[in-house]
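Okay, so here's the structure we're looking at.
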Amino acid sequence: NETRILAINGSDMEEIEIESFLVGQTLFCGNTKGDTIVQVTKSGVVLLDSRTLSLLFHWTSDETDETILLATGNKDMIVIGCNGGMVYHFEIDDMEKALSMKGWVKMDHEISCLAVNPHENTLSHIASAVKDDGKKAKNCSPI
């Protein structure tokens, strides 16, 4: 239940610490547009400057009294699934160096997985599979 960060320094790989990273198990981490890095844990989402590793944005699930269970993303967006069937969609604003919540939806059941796939010249679609009394998964697209 912890996050370790490895950095490549020349031909060596070494463990480093990033003070702005959230403590705990990382559910998603990735490079995003505007030279930023995003990290999602059960307690929140942070956006960091990839050059200075300084904190640019922090959203905490305490604001909604929920726990983040799942997360996925790409260079443009982050999608998180919380307990109670809540799904939140954030987009990375590379000009403002921030995340902005673009939408949310409450599913009838708990979320079991998430996927994002940007399509050329169209809005990105988000698929979420939900537990439906053990019978079959349903999709939610777009948020």
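Some points to look at:
- For the range 100-109, backbone phi angles converted through the Karplus equation (6.51, -1.76, 1.60; θ = phi - 60°) give residue-by-residue couplings of 10, 6, 9, x, 7, 8, 9, 7, 6, 9 Hz, Gly and Pro being listed as x.
- Counted by Cβ distance under 14 Å from Ser50, the other residues give a net charge of +1, where Lys and Arg count +1 and Asp and Glu count -1.
- The HN-Hα couplings worked out from phi for the range 4-17 by the Karplus form 6.51 cos²θ - 1.76 cosθ + 1.60 (θ = phi - 60°) are 10, 10, 10, 10, 9, 10, x, 9, 9, 10, 9, 7, 10, 10 Hz, whole numbers, x standing for Gly and Pro.
- Here Phe57 sits with roughly 50 square angstrom of accessible surface, probe radius 1.4 Å.
- Net lengthening on full extension, Ile5/Thr64 (0.36 nm per residue, minus Cα-Cα): 18.4 nm
- Derived scalar couplings between HN and Hα for the range 34-47 equal x, 6, 10, 10, 10, 10, 10, 10, 5, 9, x, 10, 10, 10 Hz in order, rounded to whole Hz, by the Karplus curve 6.51 cos²θ - 1.76 cosθ + 1.60 (θ = phi - 60°), x for Gly and Pro.
- When only the Cβ of Lys, Arg, Asp and Glu is charged (+1, +1, -1, -1), the dipole of the range 22-101 relative to its Cα centre reaches about 300 debye.
- Beyond 15 Å, the tail of the calculated P(r) for the range 60-106 holds 43 percent of the Cα pairs.
- Carbon and sulfur %, accessible surface of the range 1-70 computed with the full protein complex present, 1.4 Å: 45 percent
The values are calculated or read from the model by the stated rules, or taken from the named source; none is laboratory data. Every value quoted in this text rests on a predicted model; they were computed, and no experiment measured them. Quick reminder, even Gly has a Cβ in these numbers, built from the backbone with ideal geometry, and neighbours come from all protein chains shown. Note: accessible area is taken over every heavy atom of the protein model, side chains too, but ligands, DNA and RNA are not part of it. Shrake-Rupley method; radii C 1.70, N 1.55, O 1.52, S 1.80 Å.
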